[in-house]
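Trainee: First the structure, then my questions, so here it is.
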Amino acid sequence: MDTIEQIESQRDELARQIASVGEFRPGNLYENARKCGNPKCQCARPDGTLHRGWLLTRKVSRKTRSRSIPKFALDDTRRQVDEHRRFVDLVRRFTEVNEMLCEQRLKLRRSEKNRFCAGGGIRRYARRRNAE
C-alpha cells in the first residue's frame with residue numbers, strides 16, 4: 001500500500017508528463033485503395049491499379065468522420081495520433097492515481113474520526129456478544 005506522499009508524488013509526475021504532451025489529434029490512420037470514378041483512368045480497368053491514400057477516421061457525435069491525409073503530412077499525423085493515445089493513457093493513469101489518493105485520505109479521516117470521540121478521549125471498542 002502506497003502512502004499519501006508516494007501517491008502525491010506519482011500524481012505530480014503524471015501531471016508533468018501531461019504538461020509535456022505535444023500536438024495531438026484523435027483518430028486512426030487507415031490506408032485505403034479505391035477507384036476515382038473516371039472511366040478512362042487505369043483504376044477503371046478490371047486489372048487496373050487502384051488509387052492509394054490515407055484516411056484519418058474518428059467518431060464525432062456517434063458518426064464516423066474521415067479526412068484524407070496527404071502523403072507529405074503522413075508522418076506528422078502518425079506522431080499526432082500516437083501523442084493522442086499517450087495523452088489518453090496519461091489521463092487514465094492520472095485519474096486512477098487521484099482516485100487512490102482520495103481513498104487513502106478517506107481512510108485516514110475515518111481512522112482519525114474513530115480514534116477520537118467528540119469529548120476528545122479515545123474511543124474504546126468492544127464487541128458485543130449475544131447472550132445465548
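Read-outs throughout are calculated quantities, based only on the coordinates presented, and are distinct from any laboratory measurement. Fair warning: this is a prediction, and the values are worked out from it, not measured in the lab. Note: ideal-geometry Cβ built from the backbone for every residue, glycine included; neighbour counts use all protein chains shown.
Trainee: Expressed as a whole percent, how much of the Cα-Cα distance distribution for the range 47-98 exceeds 16 Å?
Mentor: 61
Trainee: Could you list which residues have their amide H under 5 Å from that of Trp54, counting only those 5 or more apart in sequence or on another chain, with H placed in the peptide plane?
Mentor: Answer set, sorted by chain and number: Asn32, Ile69.
Trainee: Follow-up. What are the principal axis extents of the Cα atoms in the range 4-104, in Å, biggest first?
Mentor: 70, 28, 20
Trainee: I would also like to ask the following. Can you check what the net charge comes to around Leu101, using other residues whose Cβ is under 12 Å from the Cβ of Leu101 (Lys, Arg +1; Asp, Glu -1)?
Mentor: Every neighbour counted, the sum reads -4.
Trainee: Expressed in nm to one decimal, what extension gain is obtained for the pair Cys41 and Ala19 from 0.36 nm per residue of sequence separation less their Cα-Cα distance?
Mentor: Using 0.36 nm per residue and subtracting the Cα-Cα distance, I get 3.0 nm.
Trainee: Evaluate the relative contact order of the range 4-104 (contact order divided by residue number), counting alpha-carbon pairs under 8 angstrom at least 6 apart; express in whole percent.
Mentor: With pairs under 8 Å counted, the relative contact order is 35 percent.
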